[in-house]
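Undergrad: I have a structure here, written as C-alpha cells, and I will follow up with some questions on it.
Each reported figure results from applying straightforward, stated rules to the coordinates on display, with no laboratory input. The model shown is predicted, which means the values in this text are computed figures rather than measured ones. Quick reminder, even Gly has a Cβ in these numbers, built from the backbone with ideal geometry, and neighbours come from all protein chains shown.
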Amino acid sequence: MVYDINEDVVKELEGNGAMGAASPAEVAAQSSVIITMVPSSPHITDVFCSKSGVLQEMKAGTLCIDSSTVDPAVSLDISKKVAEKGGEFYDAPVSGGVVAAENGALTFMVGGAEERFEEAKGYLSHMGANIVHCGASGNGLVVKLCNNMMLAISMIGAAETLNMGIRMGMDAKLLSSILSTSTGRCWSIDTYNPVPGVLEGVPASRDWQGGFGSRLMLKDLGLATDMAAHTDSSVPLGDMANAMYTTLCQNEDLASKDFGVMYKYIQELEKVKK
C-alpha cells in the first residue's frame, strides 16, 4: 500500500500492482510495516503527527522505518511518539545516489534498538546492499549528515579542480580517469562526476536533471552545521560549503538541478570575475 502527495506516482505504482491510499493514516491502518521517505523535518512531522498521519491509525507492534534525512531531534521526538503507541521506530537514512538506487545497492545507516534491527534489515535489503546498525535512535541521521557534509565539500573540490584542469587544456575524461586512480580520488570524481559527458547515466550528462537536488543538499548542510553548533564542533569547510550552496540556490535554475551543478556554478563565478 502506497501514499504520496504526487497522485501520478501513486497511479504508476498502482499500475505495477500496488494499492493506493488516501493518507498516511490509511496506510497505517492496513500495515504492520511502514517505510517513509520525505524531504525535510516538517514533512516527516506531518506524515506521522497530523490529523491524517500515521499515528492516528497505527497499530501496536508496527515497525516504522524512516529513510528521510531530517533533524535528529525531530526524529527522536517521533520515535518516542511511536513507542508510546506500542510501535518501534528506526531512522534509516540512505546514501548511494541514483545508480545505486536503480541497482538496489544503496547504503542504509540505521539508528534504533537492537531488538528488531534484523527484521528492519530484512526489508531494507530489498533496496540496499549495505545495511549498518549505527546504534541508538538518531545515530543513523548523525552518520548521514556527516556523510552529506563531506559529500558537499568533495563535490565543490571536484568541480573546481576539474574546471581548472579543463581550462588548462586537459581532456575532461582523461583528467577524470587519472584523478580516479590517484590520491585525490573520491565518489564525486569516479562515480558521480559533475562534468557533462564524462560518465554516462549520471545527472551531469543530462543537464544535471534528476539525482539529488541542490536544495536538498543545502537543507542537509543546514542540518549538519546546526548539529556542529549544538556540539560546539568546528566545521570551517562545512560552513563554507553551506555558504556556497546557499548562493547557488539563489539561482532558481541551478537550485532545481542535481547538486553536481556546482560545476556550472563554478564556471559562472568566472563570468562574474570578468
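Undergrad: State, as an integer percentage, the relative contact order of the range 143-273 based on alpha-carbon contacts under 8 Å between residues 6 or more apart.
TA: Computed value for the range 143-273: 31 percent relative contact order.
Undergrad: Here is a further query. Which of Lys51, Lys257, Lys219, Lys80 has the fewest other C-beta atoms within 10 Å, and how do the rest follow up to the most?
TA: Lys51, Lys80, Lys219, Lys257
Undergrad: Also: Around Ala18, with a cut-off of 11 angstrom between Cβ atoms, what is the net charge of the other residues, counting Lys and Arg +1 and Asp and Glu -1?
TA: With Lys, Arg at +1 and Asp, Glu at -1, the net is -2.
Undergrad: Separate question: Kindly put Leu221, Leu13, Leu179 in sequence by how many other C-beta atoms sit within 10 Å of each C-beta, fewest to most.
TA: Leu13, Leu179, Leu221
Undergrad: If N is the number of residues in the chain, what value comes out of its Cα radius of gyration divided by 2.2 N^0.38 Å?
TA: Taking the Cα Rg and dividing by 2.2 N^0.38 Å, one obtains 1.08.
Undergrad: Right, something else. For the pair Lys51 and Glu200, what calculated FRET efficiency results from E = 1/(1 + (r/R0)^6), where r is the Cβ-Cβ distance and R0 = 45 Å, to the nearest 0.05?
TA: For Glu200 and Lys51, the calculated efficiency is 0.45.
Undergrad: Let me ask something else. Taking the Cα centre of the range 7-136 as origin, sum charge times position over the Cβ atoms of Lys and Arg (+1) and Asp and Glu (-1), and report the length of that vector in debye to the nearest 20. Kindly include the intermediate steps, with their values, before the conclusion.
TA: Details: 8 positive and 18 negative charges, 41 e Å.
In total the dipole reaches around 200 debye.
Undergrad: Sorting Ser137, Ser32, Ser154 on the 10 Å Cβ count, fewest up front, what's the list? Walk me through the intermediate numbers first.
TA: Working: Ser137 23, Ser32 11, Ser154 18.
Ascending Cβ contact count within 10 Å gives the list Ser32, Ser154, Ser137.
Undergrad: Between Glu7 and Ser256, what's the calculated FRET efficiency when r is the beta-carbon distance and R0 is 22 Å? Round to 0.05. Write down the numbers at each step before the final one.
TA: Numbers: r = 21 Å, r/R0 = 0.96.
In this case the efficiency is close to 0.55.
Undergrad: Label points 7 Å out from Cα along the Cβ direction at Ala73 and Ala22: separation in nm?
TA: Once both label points are built, they end up 3.7 nm from each other.
Undergrad: Another question, then. If you take every residue apart from Gly87 with its C-beta less than 15 Å away from the C-beta of Gly87, what net charge results, scoring Lys and Arg +1 and Asp and Glu -1?
TA: The answer is -3.
Undergrad: Something else now. On a 0 to 90 degree scale, rounded to 10, what angle separates helix 262-273 from the longest Cα axis of the chain?
TA: Once rounded, one gets 40 degrees.
Undergrad: Report the longest stretch of the chain that contains none of the GluC sites (Glu not before Pro) sitting in a DSSP loop with at most 10 other Cβ atoms within 10 Å.
TA: Numbers: sites that count: Glu114, Glu115, Glu200.
Between exposed loop sites, the widest span is 1-113.
Undergrad: Pop the C-beta distance of Arg167 and Ser234 into the FRET formula with R0 = 25 Å and round what comes out to the nearest 0.05. Could the numbers behind the result be given before it?
TA: Numbers: r = 33 Å, r/R0 = 1.30.
Step by step, r from the Cβ atoms, then E = 0.15.
Undergrad: While we're looking at this one, here's another question. Helix 236-248 against the longest principal axis of the chain: what's the angle in degrees, Cα atoms only, rounded to the nearest 10?
TA: Approximately 90 degrees, to the nearest 10.
Undergrad: Filter Lys59/Lys121; Lys173/Lys219; Lys173/Lys264 down to the pairs with a C-alpha to C-alpha distance above 24 Å, please.
TA: Over 24 Å apart, Cα to Cα: Lys173/Lys219.
Undergrad: Okay, next question. Would you give the gap between the C-alpha center of the range 122-169 and the C-alpha center of the range 1-40, rounded to a whole Å?
TA: Distance between centres, Cα-based: 27 Å.
Undergrad: Roughly what angle does helix 139-167 make with the longest principal axis of the chain, taking Cα atoms, 0 to 90 degrees, to the nearest 10?
TA: Its long axis makes an angle of about 20 degrees.
Undergrad: Quick check: net charge around Ala172, other residues with Cβ under 15 Å of its Cβ, Lys/Arg +1 and Asp/Glu -1?
TA: Numbers: positive: Arg167, Lys173, Lys264; negative: Glu160, Asp171, Asp190, Glu200.
Taking every other residue near Ala172 into account, the sum is -1.
Undergrad: Convex hull volume of the Cα atoms in the range 1-46, per residue, in Å³?
TA: Taking the convex hull of the Cα positions in the range 1-46, it is 80 Å³ per residue.
Undergrad: Assign unit charges at the C-beta atoms only (+1 for Lys and Arg, -1 for Asp and Glu), then state the dipole size of the chain relative to its Cα centre in Debye, rounded to the nearest 20. Kindly include the intermediate steps, with their values, before the conclusion.
TA: Working: 20 positive and 33 negative charges, 130 e Å.
Taking the Cα centre of the chain as origin, the dipole is about 620 debye.
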